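Inspection log for the structure reproduced underneath, given as structure tokens.
The values are calculated or read from the model by the stated rules, or taken from the named source; none is laboratory data. Being a predicted model, the structure only gives us computed values, none of them experimental. Ideal geometry is used to build each Cβ from the backbone, glycine not excepted, and the neighbour counts take in all protein chains shown. Please note that ligands, DNA and RNA were not included when accessible areas were found on the heavy atoms of the full protein model with its side chains. Shrake-Rupley method; radii C 1.70, N 1.55, O 1.52, S 1.80 Å.
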Amino acid sequence: MKAFLKKNLGLIYIAITVIIIVVLGISNQSFSDLFASFASFDYFWLVLMLACVAAYYLLENYSLWYYLKSENEPMGFFSALKATMIGQYYCALTPFASGGQPMQIYYMHKKGVSMGVATSAMTVKVVIFNVTMVATAIIGVIYNIRYFLYENNFAFVFAVVGILANSAVIVLFWMMFFNQSFGNKVVRGVVKLLGKIRIIKDMEKANAKLDDFLGEYFLAIGFIKKNPKRMAWLSIVTFVQTFAFMSVSYCIYRAFGYNEQSPILFITLQYVLFIAVSYVPLPGASGAQEIGFMQIFGKFLPEDKVFTVMMIWRFFTYIAVIIVGGCIIVWDEIRGIAHRRREE
């Protein structure tokens, strides 16, 4: 029983979260409108929403495929897509999305990609993603500064917390980029300090993990330095990818027939929400995402609609990837079993 609970902890937590949200929603009149609301949708915006979701995952896959091709370790586009969706599935199920990258690296290595290139690919993608998300959020907040300062203090706090938390990762990257020796000393100094104050208890294990982490980072930095044009292209692709994903909630908003709010403000708030809860140590930042959404976008929607919009948004941006990723993993496992039986 313990082994089952440990293996399926992420799914159990998500199930509990969904149940709690549904129970809370039942007490809200809008819950009864959740499925009926589709009948009143503007289907142009519904189709656009689905296109935005698809664009996010296809461009995520393209970035991985492009990087591997650049490193002369190509993977077929559909094999890369499978690796992408497997990674997204495990990201959704693990705290800090920590399980996705190891599973992608494992799958790529199984398909013939060297471990170093696979690891470097994941690191480069994380760096570009973080920089793109924070830079876009900062530009959006500055553009809409009056709204954040005078109309929505909750969103302003979210923006400050998200930008500061994610900027730490970016500062670390730039230290490594411009002075690897100095960056190395800073990181090791922080780990040593955490060991002295007993936050880290097993220093030998922590240093081993740190060596692996720094090795991956230096590989990624080497690629970035040697390939500025490719990095610029991957940054553009990542911006389009994230912009599409952050537009999903706006498409749902418009599908309900609302159009009072600026799309730039709406999408900026979605960036702010994403980066603010990205370090919540729960699978998919569940709970924080839902509460944050209703607090931030509750100002734009009638009280009896905000829950419905949130549930639709969460389904297409989170639950759907668990369903699709899970189906791919099961299908891949079935094919693997069939292949092994044929060989026997």
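Which residues, counting only those in region 112-164, are within 30 Å of P74 (Cβ to Cβ), crowded, with 17+ Cβ neighbours inside 10 Å and more than 17 Å from the chain's Cα centre (by Cα)?
Correct list: V113, V117, A118, T119, S120.
Which one of these does G99 not meet: (1) at pLDDT 75 or above; (2) open to solvent by less than 40 Å² (accessible area, probe 1.4 Å)?
Against the list (1) at pLDDT 75 or above; (2) open to solvent by less than 40 Å² (accessible area, probe 1.4 Å), G99 comes up short only on (1).
How many residues does region 62-98 hold that are of a type outside the set (A, V, I, L, M, F, W, C), free of Cβ contacts under 8 Å to residues at least 40 places away in the same chain and assigned to a loop (DSSP other than H, G, I, E, B)?
Narrowing region 62-98 to residues of a type outside the set (A, V, I, L, M, F, W, C): 62-63, 66-67, 69-74, 76, 79, 82, 84, 87-90, 94-95, 98.
When the remaining residues are screened for being free of Cβ contacts under 8 Å to residues at least 40 places away in the same chain, the result is 69, 72, 74, 76, 79, 84, 87, 98.
Still in the list and also assigned to a loop (DSSP other than H, G, I, E, B): 72, 74, 76, 98.
Going through region 62-98 one residue at a time, the tally reaches 4.
Run down K209, K205 and say which single residue is part of a helix (DSSP H, G or I), among the charged types (D, E, K, R) and modelled with pLDDT of 75 or more. Can you show your working first?
Numbers: K209 fails: modelled with pLDDT of 75 or more.
On inspection, the qualifying residue turns out to be K205.
Which condition does C251 not pass, out of (1) open to solvent by less than 60 Å² (accessible area, probe 1.4 Å); (2) at pLDDT 80 or above; (3) in contact with a Gly (Cβ under 9 Å, 6 or more places away or on another chain), if it passes all the others?
Unmet for C251, out of (1) open to solvent by less than 60 Å² (accessible area, probe 1.4 Å); (2) at pLDDT 80 or above; (3) in contact with a Gly (Cβ under 9 Å, 6 or more places away or on another chain): (3).
Does Q295 satisfy the condition of being in contact with a helix residue (DSSP H, G or I) (Cβ under 7 Å, 6 or more places away or on another chain), under 17 Å from C91 (Cα atoms), in contact (Cβ under 8 Å) with a residue 24 or more places away in the chain and part of a helix (DSSP H, G or I)? Lay out the reasoning, then the answer.
Working: in contact with a helix residue (DSSP H, G or I) (Cβ under 7 Å, 6 or more places away or on another chain): yes; under 17 Å from C91 (Cα atoms): no; in contact (Cβ under 8 Å) with a residue 24 or more places away in the chain: yes; part of a helix (DSSP H, G or I): yes.
Judged against the criteria, Q295 is not a match.
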